[in-house]
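Trainee: Submitted below is the structure of interest, expressed as structure tokens.
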Protein chains: 2
Amino acid sequence: MARLVMKFGGTSVADIERIRNVALHVKRETDAGHEVVVVVSAMAGTTNQLINWTREAATIHDAREYDVVVASGEQVTAGLLAITLQGMGIAARSWLGWQLPLNTDEVHGSARITSIEGDDLMDRLSQGQVAVVAGFQGIGPDRRITTLGRGGSDTSAVALAAAVHADRCDIYTDVNGVYTTDPRIVAKARKLDRVSYEEMLEMASLGAKVLQTRSVETAMIHGVQLQVRSSFDEPQSLAPTDMSQVGPGTLVCDEDEIMEQQIVSGIAYSKDEAKVTLIKVADKPGVAANIFGPLADASINVDMIVQNVSDDGTHTDLTFTVPNDDLPRALKVIEAAKDEIAYRDLVGSQDVVKVSVIGVGMRSHAGVAAQMFKALAEKGINIQAITTSEIKVSILIDAAYTELAIRALHTAYGLDGD
Amino acid sequence: MARLVMKFGGTSVADIERIRNVALHVKRETDAGHEVVVVVSAMAGTTNQLINWTREAATIHDAREYDVVVASGEQVTAGLLAITLQGMGIAARSWLGWQLPLNTDEVHGSARITSIEGDDLMDRLSQGQVAVVAGFQGIGPDRRITTLGRGGSDTSAVALAAAVHADRCDIYTDVNGVYTTDPRIVAKARKLDRVSYEEMLEMASLGAKVLQTRSVETAMIHGVQLQVRSSFDEPQSLAPTDMSQVGPGTLVCDEDEIMEQQIVSGIAYSKDEAKVTLIKVADKPGVAANIFGPLADASINVDMIVQNVSDDGTHTDLTFTVPNDDLPRALKVIEAAKDEIAYRDLVGSQDVVKVSVIGVGMRSHAGVAAQMFKALAEKGINIQAITTSEIKVSILIDAAYTELAIRALHTAYGLDGD
């Protein structure tokens, strides 16, 4: 007998028929004697409709009221799934954020979970009742409804798994696991049986959409085993969970639990990058502060920064990246500070992509970056910027070479499957 | 300065534009310095959609989960109206049933309000904040969401008016007041400036749809002045509330507050009646119990009962009415008990209408019923059953005569306007 948290997103609960499908996934596990907490998102489309209404009501709107409106979506799904489960003869009840309570801070619209009281829930689980929890929502110190921001239901699920000491948290989604890279680009991409929290975290923040960064962080902090698996498989054809075996999806876990660790586990890419280049900037102390200070004040997140060696000892070129959406604002901020910065030209470009290779094995293996540069050079791909961390190397290249670069790297690191 | 509760139903908040219209009604009153609690229903159509989903999810569904799903509708409207008011520069916040709290009993799906804690709300009202309350919902002793049943938002509004000691509770609806009878039938129907709680109660339970019986009962018990008025008038063209004057709608109040009380205030009718006749029932003790016992056991509400005098001393005919929807069930119950009851024939009919004349003046005036019978006899209308109470006389007639009877009675009691 295991205690499982099962999380289903908006497309998995889009209508009553799909909710019934979710109920069958739950039934498979309860029939096998497992205790289940289900976390649900709003029915697909609902959250966007609710958000649009709040915007129509007033352009600037109170985040506390936004939360009241938007949290209703998960409330509806939780009630409907509880009813559906009951209709199948399974004891179930819905739980809203304020009922658990799932306590958060006061940052309405993107609150962080501060604590969950799990005792009542655990009592009921052990009595055989399925808990259907509305994801994405909590209660703030002001005793008002809060929401956790986009993708918050994943975080709800992981935090609940920690609170009820679940054996595992299964995230049911529209893919059957985490792949070495995007299978739409590399046909030979392989599903990973296991991936470490750190790697998953890098993958999530570097463009892989399968899990939200915050949910992986939360899982890592609390040591919650997380499995990514598909909700679109025929629910009753699958084997119920057997904790002694590797699951059907990808397990996100501690790196010690991964036997045969590859040096590189995956390749991620992000098209959400824009490049800003300042040409002929005066090469003197304080210039970087003059550039990046105003950007920070404007809450623009700067990622990669490259400063060339000054060729004449007085001027240099400086390149950095910002999120695509922030490019126009970034250019405006720099232009406004032109006098302090003193540059000759300013160039913005969106035709770039960031490609990253990720693997905890890098910590103990040298030459991973060199291998990357060599593979790209062989294909004639020019590298515009580089950043590295302990477990990843990211490069910025011309977007036209995206597929070529990813395929070359996937082969170079020996990731190709059969 | 007055303290007002303003209640708006589903059609008045059907979309963002109409919610804006509601906000303008509120602004008119706050601009005049009044303190305002607004109670809102779900956007028109929402509640039915949610109810349908609960039915699709499982034919037999847990009323506690039904409440979780259905209460979300009012939650959305409350948040959206608060945002809209804020957009107009009016301090406002939403309140859900569990936040007030509005405490109810444990009868999920049709709960009764047991208490409302109004102190926090009153503090905020006196600080100039508009309270936007989600109608129709409360919290049960199990700490779960309850709903008050159909029309529950009216009851929420009246109970809140009592809790915050409001000067008046204005029910904004699609008609501009209570009429002497249905204006679609009688062109000369007059809007009443005032009507007593008792009369309104009879009108509501006898077919007038403008207010729910429970909200009127609650108003009567707590002495809440209730005004029925239109939400479709141009909000800013109306005068703000002036408590020293008669409002634009119909005031429901204590009968002492009504100066020129008519003997008959209004004429109501209900097509939701079905007639059951048992022919040649054995006329002996215990027969009535044999008939009405099984009906009561089946939760079928019997209204009018007529037993003819036995012509031969051994048999009699017996007629009674039940709600239209219950007729097939009622016939089945009677047939099943045929041996105990011992009747010759059983006849059910839905071609009947109940017409009622209502007025507290009847208490001190004789001859009201006689006048009714005379007016109907003059038009050749046959009366099939009669019931009376202290302030009403109801008759059952062939449905084909509905309009004729109502017009004749409206004239006979001097209710025709210009």
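Trainee: Relative to the longest principal Cα axis of chain B, at what angle does helix B:327-336 sit, 0 to 90 degrees, rounded to 10?
Mentor: 40 degrees
Trainee: Let me ask something else about it. In peptide B:7-19, what is the residue-averaged number of other protein chain Cβ atoms found within 10 Å of each Cβ?
Mentor: Average per residue, whole number: 1.
Trainee: Say R0 is 25 Å: what FRET efficiency, to the nearest 0.05, do B:Val246 and B:Lys188 get from their beta-carbon distance?
Mentor: That pair, B:Val246 with B:Lys188, gives E of 0.70.
Trainee: Would you mind checking the pairs B:Lys338/B:Lys392; A:Lys209/A:Lys338; B:Lys332/B:Lys392; A:Lys338/A:Lys374; A:Lys188/A:Lys392; A:Lys275/A:Lys379 and listing those with alpha carbons more than 28 angstrom apart?
Mentor: Pairs exceeding the cut-off: B:Lys338/B:Lys392; A:Lys209/A:Lys338; B:Lys332/B:Lys392; A:Lys338/A:Lys374.
Trainee: Additional query: Pairs of Cα atoms under 8 Å, at least six residues apart: use those to get the relative contact order of the range A:1-81, whole percent.
Mentor: Relative contact order for the range A:1-81 comes out at 36 percent.
Trainee: Taking GluC sites (Glu not before Pro) as candidate sites, keep only those in a DSSP loop with at most 10 other Cβ atoms within 10 Å, then name the longest stretch of chain B containing none of them.
Mentor: My reading of the result: B:1-259 is the longest stretch.
Trainee: Can you give the FRET efficiency for A:Asp272 and A:Leu346, using 1/(1 + (r/R0)^6), R0 = 22 Å, r = Cβ-Cβ distance, to the nearest 0.05?
Mentor: Given R0 = 22 Å and the Cβ-Cβ separation, E is 0.55.
Trainee: Taking the Cα centre of the range B:1-128 as the origin, how large is its charge dipole in debye, to the nearest 20, when only Lys and Arg (+1) and Asp and Glu (-1) carry charge on their Cβ atoms?
Mentor: 440 debye
Trainee: Can you give me the C-alpha center-to-center distance between the range A:94-140 and the range A:233-296, rounded to a whole angstrom?
Mentor: Taking the Cα centre of each part, the range A:94-140 and the range A:233-296 sit 28 Å apart.
Trainee: Further, regarding this structure: Please work out the Cα convex hull volume for the range B:61-131 and give it in Å³ per residue.
Mentor: 72 Å³
Trainee: For chain B, what does the relative contact order come out to in percent, with C-alpha contacts under 8 Å and a separation of six or more?
Mentor: Relative contact order for chain B comes out at 14 percent.
Trainee: Mind jotting down the three principal axis lengths of the range A:300-343 based on Cα atoms? Whole angstrom, largest first.
Mentor: Between the extreme Cα coordinates on each principal axis of the range A:300-343 lie 35, 23, 11 Å.
Trainee: Counting each DSSP H run of 4 or more residues in chain A as -39500 (n - 2.57), what helix-only mean residue ellipticity at 222 nm follows after dividing by all residues, to the nearest 500 deg cm²/dmol?
Mentor: -10000 deg cm²/dmol
Trainee: Further question: Where the Cα atoms of the range B:3-256 are projected onto their three principal axes, how long is each span, largest first, in whole Å?
Mentor: 49, 43, 33 Å, listed from the longest principal axis down.
Trainee: While we're looking at this one, here's another question. Would you mind listing the distances between the B:Val107 label point and the same position in each other copy? Use 7 Å along Cα-to-C-beta, nm, one decimal, shortest first.
Mentor: In nanometres, ordered from closest: 4.7.
Trainee: Here's a follow-up. Would you work out if the range B:265-348 is rounded, prolate or oblate? Take a ≥ b ≥ c from the square roots of the eigenvalues of the alpha-carbon gyration tensor; rounded if a/c is under 1.5, else prolate when a/b is larger than b/c, oblate otherwise.
Mentor: Verdict is oblate for the range B:265-348.
Trainee: Starting from the Cα of A:Thr114, move 7 Å in the Cα-to-Cβ direction to define the label point; list residues of the range A:57-81 whose amide nitrogen is under 20 Å from there.
Mentor: Zone members listed by number: A:63-68.
Trainee: Toward the positive end of the charge dipole of the protein assembly as shown, about the Cα centre and with charges on Cβ (Lys, Arg +1; Asp, Glu -1), which of B:Leu376, A:Ala208, A:Pro323 goes farthest?
Mentor: My answer, from the dipole projection, is B:Leu376.
Trainee: Which three extents, in angstrom, do the Cα atoms of the range B:244-289 have along their principal axes, listed largest first?
Mentor: 62, 24, 17
Trainee: For B:Ser389, put the label point 7 Å out on the Cα→Cβ axis and report which residues of the range B:204-229 keep their amide N under 17 Å from it.
Mentor: Inside the label zone: B:204-222.
Trainee: Under the classification rounded if a/c is under 1.5, otherwise prolate if a/b is larger than b/c and oblate if not, where does the range A:161-253 fall, given a ≥ b ≥ c as square roots of the Cα gyration tensor eigenvalues?
Mentor: oblate
Trainee: Also, quick follow-up: Compare the Cα positions of A:Ala91, A:Pro101, A:Gln127 along the charge dipole of chain A (+1 at Cβ of Lys, Arg; -1 at Cβ of Asp, Glu; about the Cα centre) and return the one farthest towards the positive end.
Mentor: The listed residue farthest towards the positive side: A:Ala91.
Trainee: A follow-up question, please. Please report the equivalent ellipsoid semi-axes of the range A:261-418, computed as sqrt(5 x eigenvalue) of the Cα gyration tensor, largest first, in whole Å.
Mentor: 32, 16, 14
Trainee: Could you list the residues of the range A:285-321 with an amide nitrogen less than 16 Å from a label point located 7 Å from the Cα of A:Ala336 in the Cα-to-C-beta direction?
Mentor: A:290-301
Trainee: Would you work out the Kirkwood radius for the range A:1-139? I mean one over the mean of 1/r across all pairs of different Cα atoms, in Å.
Mentor: Value: 15.5 Å, from the Cα pair sum.
Trainee: Could you list the chymotrypsin sites (Phe, Trp or Tyr not before Pro) in the range B:62-121 that lie in coil according to DSSP, counting only those with at most 12 other Cβ atoms within 10 Å of their Cβ?
Mentor: none
Trainee: Under the rule that an exposed site lies in a DSSP loop and has at most 10 other Cβ atoms within 10 Å, name the longest stretch of chain A with no trypsin sites (Lys or Arg not before Pro) of that kind, not counting the sites themselves.
Mentor: Within chain A, the longest run free of exposed trypsin sites (Lys or Arg not before Pro) spans A:185-418.
Trainee: Specify the angular offset, from 0 to 90 degrees and rounded to the nearest 10, of the alpha carbon long axis of helix A:46-57 from the longest principal axis of the alpha carbons in chain A.
Mentor: Taking Cα atoms only, the helix is inclined about 70 degrees.
Trainee: Nearest 10 degrees is fine. How inclined is helix A:402-412 to the longest principal axis of chain A, computing both from alpha carbons?
Mentor: With rounding to tens, the tilt is 80 degrees.
Trainee: Here's something else I'd like to know. Below 8 Å, C-alpha to C-alpha, sequence gap of six or more: please give me the relative contact order for the range A:261-418 in percent.
Mentor: Computed value for the range A:261-418: 31 percent relative contact order.
Trainee: Could you check the spin-label model distance between B:Arg150 and B:Ala377? Points 7 Å from the Cα along Cα→Cβ, value in nm.
Mentor: With each label placed 7 Å out from Cα toward Cβ, I get 3.8 nm.
Trainee: Moving on to the next point. How many percent of Cα pairs in the protein assembly as shown exceed 40 Å?
Mentor: 53 percent
Trainee: Take the Cβ-Cβ distance between B:Asp105 and B:Glu255 as r, set R0 to 41 Å, and report the resulting FRET efficiency rounded to the nearest 0.05.
Mentor: Once the sixth-power term is evaluated, E becomes 0.85.
Rule-based calculations on the coordinates, nothing more; no lab input. These numbers come from a predicted model, not from an experiment. Cβ coordinates were reconstructed from backbone atoms using ideal geometry, including for glycine residues, and neighbour counts include every protein chain displayed.
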